[in-house]
Structure formats: C-alpha cells, structure tokens
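The structure under discussion appears below in the form of structure tokens.
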Amino acid sequence: PLLVSSMLRNAVKTHGDTEIVSRTAEGAIHRYTYEDFWRRSQQLAHALHRLGLRAGDRVGTLAWNGHRHLELLYAVSGAGFVSHTINPRLFPDQIAGIIEHAGDRVLFVEPDMLGLIEKLAERLQGVEAIVILADRSRMPVSARFPDLLCYEELIEGQPNVFEWPQLDERTACGLCYTSGTTGAPKGVLYSHRSCVLHAMAVCMPDSFGLAAADSAMPVVPMFHVNAWGLPYASILVGAKLVLPGAKLDGTSLHGLIASEGVTMTAGVPTVWTGLLEWVAAHGETLGSLRKVGIGGSACPPVMIERFAALGVDVVHAWGMTESSPVALACQPKRKHHHLPAEARRALGRKQGRPLTGIELKVLGPDRREVPRDGKTFGRLMIRGPTVAAGYFASENDEAFAEPGWFDTGDVVTLDQDGFVEIVDRTKDVIKSGGEWIGSIELENIAVSHPSVREAAVVARPDPKWGERPVLFVVPNDGKTFTATDALAHYDGKVAKWCIPTEVRVVDALPHTATGKLLKSEIRKMV
Ligand code: AMP
C-alpha cells in the first residue's frame, strides 16, 4: 500500500544523515537528521496512542513550519490518525468552527498561538488535550487551560521503535480546510494513497523537480494545504529540508537561503515581493537558489523576470485545497526552448500543464468543451487520483454535480499544448458590455509599472456597461501613481474597453488567510 509511513521508512534507509533545519519560534536554528526525525516520530506515535486516540481520530495542529510540526505530519498519519493542519490566520470564529466540524480530539499548539485558542475556550468542548510544542522551560501558563501538556515531555522516554500499521492505502491521512474566500471553509480529506501520489507528481521534473541533491525550503506554511505537499515530496526523494518557522520577511528568508544552501523554495506571490525588495535594497544575490514554485494566486510576469535576473527559474503552479493542491505547473516543452524572449514570457504567465494523473476539460456556458485556442474562456473541470470526490462531513456540493469531475470555479483558457491560463475566479470576473474582462491580466500589467507594489481590479456596477473595472493600487514607497499614469501604462497592452475606468490609490489591500487578495472586501470599498 502507498502509505505516509512508508515514505519516511524508505527515505531514512538511504538518507539517514540528510539534514532537517528549522527556525524555532525563539529564532534559534534547530538542526537534526532524517535518522533523528524517524526516531522521534516513532516516539510521538507511541505518545499519541497513550493519549487514547483511536483509528481515524482527527488531531489538529496550530503551528509554523518546524521540526515538531513535521513530526506530527508523519506520526499522526502513519499511526492511523488524521492530521488536521489549521490556518491560524482565519477569523477566530472560523477556527472554532473548523475544530468543531473536524471533531479534533487533541490540539498541538505553538506557544505563540495559545492566546488565540484561549479566546475560543468555550467552543473547544470536544478537545480532550492541548499539547504545547515546546520543552518544559518554554511552557506557558494558562488560566484557561490549566492542564496543558508539554510536547517534549510527552515523547520523552517513549520507545523509539513503533510498529507502523499496514493500513489500507485509502485510509484517511490528512484534513485541510479551504481558505473560505467565497464562503465558510470546507474540509477536504486526503487518503494515504493520494498523498503519496501527489508527492511523486510534485517531484517530477515537469513539476517542482525535487531531488536528493536539493535543499528545499517550503515557505508556504503547512497550514496552507500541507505546504503544497513539499514536506512529503522532499522526504520522498531525500532532499534536505529547511523549515523557516514564523519569520518570512526578506532578511530572514535570505539568511536561510545563504546559510543552508537552499536550492528550491515555494510560496505565494506576496511573500516574494518582500524578498525581492530586500535583495534589491541590499544589492544582494539569491546565492544557491535555482528554483521557486509560485502559486496560490497568479504570479505577475514581472516577478518571473525579477527572479530570472537573479538566476532563479520560476515554476508557476496552480492548485486548490481540493486537488491536494498542486495540479498544474508551467514548464516549457522541448519545442519552446528556442522561442523568442517575448513568447517565452507569455508562456510563463500561464499556470501550466496538468501534473501526472490530472485530467482536465474546459466547459463553455453550453457545458460543451471550448476550443483549445488559448483565447476562449471556460470553466475549468478536473479529475484524478489527487482530486477530492466531495467535502468532509458535508452535504453534496454543486462543485461535484458532474459525476467524477470537480468544478474548480476558475475561468480559464486552454491552448493546443495543454497549457491553462487562469483568467479569474468565476465570482470575480468582470462583465462589461456583454464581454468578460479578467482581473488577473489587468493586475499583472499594473504591477509591472515601477511605481506599483500591489494591485487589485474589481467590478463596479455601471448603468451603461453592466460592470466596469476599478483598479486599486498600493504604490511603492515614496512613489505616486495617478489615473493618467494608468491610462498611459495600459495603452497598447489591452483592448481600450478593458482599461480600468477608475484608479484608487490605497495604503494597503486586504488579504485572505492564505495571502490572496480578498476581492469580496475590496468590492465593498467600491
Ligand atoms: P483554495 O481554495 O484556498 O485552495 O484556493 C484555490 C484557488 O486559488 C484557485 O481556485 C484559484 O482561483 C487560485 N489560484 C491558485 N493558484 C493560482 C495561480 N497560480 N494563479 C491564479 N490563481 C490561482
């Protein structure tokens, strides 16, 4: 059977001395090997049984990317329980709601997130134990939860050999909730089988191409769809893992890249804006870094160029909680290598081709497949062994209305080479004079202007056209950006009727818990 525990068992036999490096909550660097990780995971599996957990029980985590969180990811699933990584950036009410909905029996919590759950104490009636991810010297005191357990004490003295159960590979191993951009978060349950297959697909050369020679740093948090599967993929191939903890600013990330020889990393576009600004301001390079996976929201072409100038390839990728998450990755084919620079740039803007195992189709309003011309808009439908068949403990959802397929809710184009470009979310697309305007293209153009740091385009009701695009921009420090600048900048890049009608300059834009622009809030500002 394809099991999470087998990935680790096999890896430790060949890569026992490979390093796992974490930045702890206190800022210190923790270092150990696959061998140590394997031993402590087995101790943790014993400790989980001693907490009285039964097969299939959910175990919640509120934690940064670090070695203890990694141990939980493997030991909880490996021992036959379900690891539920919770996003601490959701609204407190949503956090309480998903802990209740998941039925988490035990919570493992980073010391700096204790305050968050103390406020939710009344709603955590189903939680039987709270374990703090720390040693005794760093244990907080809580009037709300006087019986807090200490992680290091919990595993200390446990036997370091555990008989991992030979589960059916379709047994549940993990649970993640969507970021709730368009409603309440929904739970997606992964099987051991889908988790291993996803890890393999992510390692493929036409995806993130991970190998034993890599030093991989998942900047995307484990609470954002299990760090896009990188903690599994890295262990599967025996790569060095660098876990950056809570500090994702330019100085901290650059420091880890330099000291740990990071070759590959991945995260949402907003986090890279910070790193690129820091590198430019300090006249630094990105050293050993060769590849960065960018997804979660569209990667602006200008970001791809900035990385390229530093010798780093961007792998633009697309995915959803429902697809484990990575389902598309943009890697050129052999015939693309000789394309002129402009055509290569246009290709990199796309979210890419399906990963091994993913099948897709794009449907027009008549539910028929649209032409593969890279121009016609349609709804992206996907299926495959890493795509969910329904939401956890919930009624039938319309996204699964067509048997065997998942309706992503994204509006896309598909070209002859199988490359998908995301135009917008169905709910965000702007309908003007009977035509659709995609906000992503307009945002990408805006951020290519040297004065613009971040941009969002949303619809404004219009008596004549139905809707018109409004551009919100956050200017770079000390820069200005006016409606006249916008007009000049868009001229010749898009059809005249697509150019935003209004420009609003703001200090900041609202984001979701996973760093995407929060379009529903931005629309309220119009
Ligand atoms: P979530 O429900 O939080 O898993 O978010 C999934 C959604 O994020 C997708 O349906 C897309 O709308 C968006 N998304 C993810 N990756 C990309 C990307 N590379 N470009 C544009 N949108 C993306």
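The values are calculated or read from the model by the stated rules, or taken from the named source; none is laboratory data. Source: prediction; values computed, not measured. For neighbour counting, all protein chains shown are included, and Cβ atoms are generated from backbone atoms with ideal geometry for every residue, glycine included. Calculation scope for accessible area: heavy atoms of the full protein, side chains included, ligands and nucleic acids excluded. Shrake-Rupley method; radii C 1.70, N 1.55, O 1.52, S 1.80 Å.
Which of the residues belonging to segment 276-306 are of a type outside the set (Gly, Ala, Ser), more than 17 Å from Asn444 (Cα to Cα) and either open to solvent by less than 30 Å² (accessible area, probe 1.4 Å) or away from the ligand (no atom under 16 Å from the Cβ) (or both)? Within segment 276-306, Glu277, Trp278, Val279, His282, Glu284, Thr285, Leu286, Leu289, Arg290, Val292 qualify. Any residue in segment 360-369 that is part of a strand (DSSP E or B) and of a type outside the set (A, V, I, L, M)? Taking every residue of segment 360-369 in turn, at least one turns out to be part of a strand (DSSP E or B) and of a type outside the set (A, V, I, L, M). Reported count of residues in segment 227-255, each being in a helix (DSSP H, G or I) and either under 15 Å from Met7 (Cα atoms) or hydroxyl-bearing (Ser, Thr, Tyr) (or both), is 10. Does Pro500 fit the bill of being surrounded by 14 or more Cβ atoms within 10 Å (Cβ to Cβ) and either assigned to a loop (DSSP other than H, G, I, E, B) or among the basic types (Lys, Arg) (or both)? In short, yes. Taking residues in segment 321-349 that are over 28 Å from Trp405 (Cβ atoms) and open to solvent by 10 Å² or more (accessible area, probe 1.4 Å), and partners anywhere that are of a type in the set (D, E, K, R) and outside any loop (DSSP other than H, G, I, E, B), the pairs with Cβ atoms closer than 7 Å and at least 6 places apart or on different chains are His336/Arg344.
Quick one: is Glu402 touching a strand residue (DSSP E or B) at 6+ places or on another chain (Cβ under 8 Å), farther than 21 Å from Cys203 by Cα and within 16 Å of the ligand (Cβ to nearest atom)? Before you say what the answer is, go through the steps one by one.
Working: touching a strand residue (DSSP E or B) at 6+ places or on another chain (Cβ under 8 Å): yes; farther than 21 Å from Cys203 by Cα: yes; within 16 Å of the ligand (Cβ to nearest atom): no.
Taking the combined requirement at face value, the residue does not satisfy it.
Of the residues making up segment 395-414, one or more are more than 17 Å from Val188 (Cα to Cα) and over 24 Å from the mean Cα position of the chain (by Cα).
Assess whether Arg367 counts as being of a type outside the set (Asp, Glu), open to solvent by 40 Å² or more (accessible area, probe 1.4 Å) and within 16 Å of the ligand (Cβ to nearest atom). Reasoning before the result, please.
Numbers: of a type outside the set (Asp, Glu): yes; open to solvent by 40 Å² or more (accessible area, probe 1.4 Å): yes; within 16 Å of the ligand (Cβ to nearest atom): no.
In short, no.
The set of residues in segment 142-194 that are of a type outside the set (Gly, Ala, Ser), part of a loop (DSSP other than H, G, I, E, B) and within 16 Å of the ligand (Cβ to nearest atom) comprises Thr178, Thr181, Thr182, Pro185, Lys186. Among the residues of segment 370-392, those identified as more than 23 Å from the chain's Cα centre (by Cα) and open to solvent by 40 Å² or more (accessible area, probe 1.4 Å) are Pro371, Arg372, Asp373, Lys375, Thr376, Phe377.
Scanning segment 512-524 for residues that are in contact (Cβ under 8 Å) with a residue 24 or more places away in the chain and either in contact with a Pro (Cβ under 8 Å, 6 or more places away or on another chain) or within 12 Å of the ligand (Cβ to nearest atom) (or both) returns Thr512, Ala513, Thr514, Gly515, Lys516, Leu517, Leu518, Lys519, Ile522. Scanning segment 185-242 for residues that are among the polar types (S, T, N, Q) and out of contact with any Cys (no Cβ under 9 Å at 6 or more places or on another chain) yields a count of 2. With respect to the conditions (1) within 14 Å of the ligand (Cβ to nearest atom); (2) surrounded by 18 or more Cβ atoms within 10 Å (Cβ to Cβ); (3) charged (D, E, K, R), Lys427 falls short on a single one, namely (2).
Please tell me if Ala239 is of a type in the set (A, V, I, L, M, F, W, C), within 16 Å of the chain's Cα centre (by Cα) and open to solvent by less than 20 Å² (accessible area, probe 1.4 Å).
Numbers: of a type in the set (A, V, I, L, M, F, W, C): yes; within 16 Å of the chain's Cα centre (by Cα): no; open to solvent by less than 20 Å² (accessible area, probe 1.4 Å): yes.
No, not satisfied.
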